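Written out below as structure tokens is the structure these notes cover.
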Amino acid sequence: MAQTRRFDAIVVGGGPAGSAMGWSLAQRGIKAAVVEKAVFPREKVCGDFVEPAGLRIIETMGCTGALDLGKRLPITRNRVYYEARLPYHGDIPYYDGAHGMPPHGYIIPRDQLDTVLLQNAEDAGATVFRGTAAKGLEREGESNVLTARAGKQELRLEAPVIVGADGVQSMVAKAKDLRRTDRRHIGASQRVYLDNLDIEDGEATIWFDEDQIPGYGWMFPMTGGRANMGIGLLTETCDRFGMSVQQCFRDAVERLRYRHPGCRNARIASKPLGGAVHMYGGLTCNHFDGGILVGDAGSFVDPMTGEGITQGMESSILGARSVAAALEAGRFDSEQFASFERDFRAYFDPAMRYLVLLAQLLRNRHFHESVFIATRKGFEKAQVERSFGEISGTSFGGLNVQPLAMTGQLLWSLADHFLRGGAAALRDAMSGRGFTANGAIEDLLAWQRGWRASTADDLGWHMSWLGDIAHAIGKLGPSFLMDENPRLRGPFAFVEARE
Ligand SMILES: Cc1cc2nc3c(=O)[nH]c(=O)nc-3n(C[C@H](O)[C@H](O)[C@H](O)COP(=O)(O)OP(=O)(O)OC[C@H]3O[C@@H](n4cnc5c(N)ncnc54)[C@H](O)[C@@H]3O)c2cc1C
């Protein structure tokens, strides 16, 4: 029988969420173990893009030097393609350097990022079990008993608190009956490294193709003519419309070659690999008797972009507070850990609920024409109107999501478009030229075509989709009531204010 090792808390998984949790617990003087099945460095399928809010956390945790951030290419600009058109090309308008965040992101390959973060947790005092796969989880009285395997060796770890930070396939979530399989909130993606590119100025590229909606593609450049490139789609849409992520990915590589002048001679430099993301909209409950779920295991991914590195670390920094409180109170029941839910809801809901609504609206592929045109016009508007890019632009990868201001801008743009379009169409019709004008009438007709196709295809699905939208609208309260998005000041300031 394996010898038992006792801790205050066991963290399963040593990705960004697990490492941030290990580090945070160790900082609080808590005896923590991090159990990671891989031996780092290891490859993790990801776009590798770390946004400014994530870089701020990495700096606070003291990892900037070890990651050699100064030598990396700061990402400050973006190209946005809509098929062959380029409706936006310029600065990322909401990377403004405020609130202690750098005015750029970095591409940090996960073999490097995760190795440094896990080492940092160990240096802070967490006990790290590398190459150790968690196999079984039982609750014995007030204790969690984790059995794990490192090669041929069996391990038995025991602690009053267990944290599931073990990604989308979380064994902890499974053991607690909290695994998420709702395909409305799961993204599927494929990515590769490209070489031989002519891009050095820190300019990311994203693109939208009508045949790949709802979904998008990215190309994130690094130094030396290399880039991380991939696409992400909604799994529900792939199922319903028989779309293949692999085929969409192959098309995307070819399209990038002819679209982007710096990618003409792109060479595939790694095996294309697929991965999944579990998005915030699919989150139900993340606490149970004996612990919590963080990061991808807890579905903290941005439902519009699929980013989850920052959100994973944020959820852990918030979660460490609940773990500490439970240990201090000597209480480990689910009700005690409900403090985690209160914290993360207060922190994430104001921005995420709004993004969940937008993601719900985009889910219906029958409206691909309308979605394609409307979002393209949004990027065109951001190109000529800075404040639109700064505010509404944050719906795609920005931190300072301001739902009230965004809704105002979007409604005003719509009203303006249809008023101008309506007046012009009336003028055209009266002069006998038919409908031309600014496309407002065509946009209405495209929307009508989408509606007809959706109801004719599957009325039951259509009605449930409308129900999901109504539900998402009903949850918007915190989005519209907030004074300031709590994520702006970051998880450390949030936790400090609550303690
Ligand atoms: C194709 C793709 C592109 C993406 N691009 C981006 C991007 O550009 N930017 C961004 O912010 N996010 C991106 N994401 C999302 C991001 O990868 C995740 O949100 C992030 O990795 C979450 O971190 P985590 O620590 O929760 O989980 P993970 O990074 O998945 O870490 C979980 C860890 O747990 C370990 N583990 C699992 N099971 C066990 C077990 N039984 N025992 C012990 N250890 C275990 C795993 O080995 C792993 O190391 C992308 C995702 C995909 C699939």
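The values are calculated or read from the model by the stated rules, or taken from the named source; none is laboratory data. Just so we're clear, the structure is a prediction, and the values are computed from it rather than from any experiment. Reconstructed Cβ throughout: ideal geometry from the backbone, glycine too, with neighbour counts over all protein chains shown.
Restricting to segment 48-62, name every residue that is surrounded by 19 or more Cβ atoms within 10 Å (Cβ to Cβ) and more than 8 Å from the ligand (Cβ to nearest atom). Once the filter is applied, which keeps residues that are surrounded by 19 or more Cβ atoms within 10 Å (Cβ to Cβ) and more than 8 Å from the ligand (Cβ to nearest atom), segment 48-62 yields PRO52, ALA53, LEU55, ARG56, ILE57, ILE58, MET61.
Residues in segment 91-108 that are of a type in the set (Gly, Ala, Ser), within 21 Å of ASN228 (Cα to Cα) and at pLDDT below 95: how many?
0
Selection of first residues in segment 102-122 that are of a type in the set (Asp, Glu) and of second residues that are surrounded by fewer than 17 Cβ atoms within 10 Å (Cβ to Cβ), restricted to Cβ pairs under 9 Å at least 6 apart or on distinct chains, gives the following pairs, ordered by first then second residue: ASP111/PRO41; ASP111/ARG42; ASP111/GLU43; ASP114/PRO41; ASP114/ARG42. Among the residues of segment 29-47, just one is near the ligand (Cβ under 6 Å from one of its atoms) and outside any loop (DSSP other than H, G, I, E, B), namely VAL35. Pairs meeting the criteria (first residue in segment 54-76 and in a helix (DSSP H, G or I) and modelled with pLDDT under 95, second residue among the hydroxyl-bearing types (Ser, Thr, Tyr) and surrounded by fewer than 17 Cβ atoms within 10 Å (Cβ to Cβ), beta carbons under 9 Å, at least 6 apart or on different chains) are GLY70/THR64; LYS71/THR223. Any residue in segment 6-22 that is on the phi > 0 side of the Ramachandran plot, surrounded by 19 or more Cβ atoms within 10 Å (Cβ to Cβ) and either away from the ligand (no atom under 11 Å from the Cβ) or in a loop (DSSP other than H, G, I, E, B) (or both)? Among the residues of segment 6-22, at least one is on the phi > 0 side of the Ramachandran plot, surrounded by 19 or more Cβ atoms within 10 Å (Cβ to Cβ) and either away from the ligand (no atom under 11 Å from the Cβ) or in a loop (DSSP other than H, G, I, E, B) (or both), which makes the answer yes.
The condition (being under 23 Å from MET279 (Cβ atoms) and in the same structural domain as LYS135 (by TED's automatic domain parsing)) is satisfied by just one residue among ALA173, ALA204, ALA188: ALA173. Taken as a whole, segment 373-394 holds no residue that is of a type outside the set (Ser, Thr, Tyr), outside any helix (DSSP H, G or I) and within 21 Å of ILE75 (Cβ to Cβ).
Against the conditions (1) within 16 Å of GLU36 (Cα to Cα); (2) assigned to a strand (DSSP E or B), where does GLU138 fall short? Just the number, please. Of everything listed in (1) within 16 Å of GLU36 (Cα to Cα); (2) assigned to a strand (DSSP E or B), GLU138 misses just condition (1).
Here's a check for you: in segment 157-179, which residue that is away from the ligand (no atom under 14 Å from the Cβ) and not aliphatic (A, V, I, L, M) is nearest to the chain's Cα centre (by Cα)?
Filtering segment 157-179 down to residues away from the ligand (no atom under 14 Å from the Cβ) leaves 158-161, 177-178.
Of the ones still in play, those that are also not aliphatic (A, V, I, L, M) are 158, 160, 177.
On the way: GLU158: 32, PRO160: 30, ASP177: 23 Å.
So the residue we want is ASP177.
Examine segment 42-53 for a residue that is in contact with a strand residue (DSSP E or B) (Cβ under 6 Å, 6 or more places away or on another chain), aliphatic (A, V, I, L, M) and more than 22 Å from GLU158 (Cβ to Cβ), and state whether such a residue exists. Looking through segment 42-53, at least one residue is in contact with a strand residue (DSSP E or B) (Cβ under 6 Å, 6 or more places away or on another chain), aliphatic (A, V, I, L, M) and more than 22 Å from GLU158 (Cβ to Cβ). Mind listing just one residue for me: the one in segment 290-319 that is assigned to a strand (DSSP E or B) and in contact with a His (Cβ under 9 Å, 6 or more places away or on another chain) and, of those, farthest from the ligand (Cβ to nearest atom)? The residue in question is LEU293. Taking the numbered list (1) crowded, with 17+ Cβ neighbours inside 10 Å; (2) at pLDDT below 90; (3) more than 30 Å from LEU318 (Cα to Cα); (4) out of contact with any Asp or Glu (no Cβ under 8 Å at 6 or more places or on another chain) in turn, ARG420 passes all entries but (1). If I filter segment 228-239 for residues that are buried (at least 22 other Cβ atoms within 10 Å of the Cβ) and either assigned by TED's automatic domain parsing to the domain that holds SER143 or part of a loop (DSSP other than H, G, I, E, B) (or both), do I get at least one hit? Taking every residue of segment 228-239 in turn, none turns out to be buried (at least 22 other Cβ atoms within 10 Å of the Cβ) and either assigned by TED's automatic domain parsing to the domain that holds SER143 or part of a loop (DSSP other than H, G, I, E, B) (or both). Among the residues making up segment 398-425, those that are touching a helix residue (DSSP H, G or I) at 6+ places or on another chain (Cβ under 7 Å) and outside any helix (DSSP H, G or I) are LEU399, ASN400, VAL401, GLN402.
Within segment 182-191, does at least one residue satisfy the condition of being part of a loop (DSSP other than H, G, I, E, B), of a type in the set (D, E, K, R) and within 11 Å of the ligand (Cβ to nearest atom)?
Of segment 182-191, the ones part of a loop (DSSP other than H, G, I, E, B) are 182.
Those still in the list that are of a type in the set (D, E, K, R) too: 182.
Narrowing further to those that are within 11 Å of the ligand (Cβ to nearest atom): none.
Checked segment 182-191: no residue is part of a loop (DSSP other than H, G, I, E, B), of a type in the set (D, E, K, R) and within 11 Å of the ligand (Cβ to nearest atom).
Among all residues of segment 275-283, there is at least one that is in contact with a Pro (Cβ under 6 Å, 6 or more places away or on another chain), over 20 Å from LEU113 (Cα atoms), more than 10 Å from the ligand (Cβ to nearest atom) and not in a loop (DSSP other than H, G, I, E, B).
Being away from the ligand (no atom under 15 Å from the Cβ) and touching a Phe, Trp or Tyr at 6+ places or on another chain (Cβ under 7 Å) narrows it down to one residue among ILE231, ILE206, ILE213, ILE199; which is it?
On the way: ILE231 fails: away from the ligand (no atom under 15 Å from the Cβ); ILE206 fails: away from the ligand (no atom under 15 Å from the Cβ); ILE199 fails: touching a Phe, Trp or Tyr at 6+ places or on another chain (Cβ under 7 Å).
The conditions single out ILE213.
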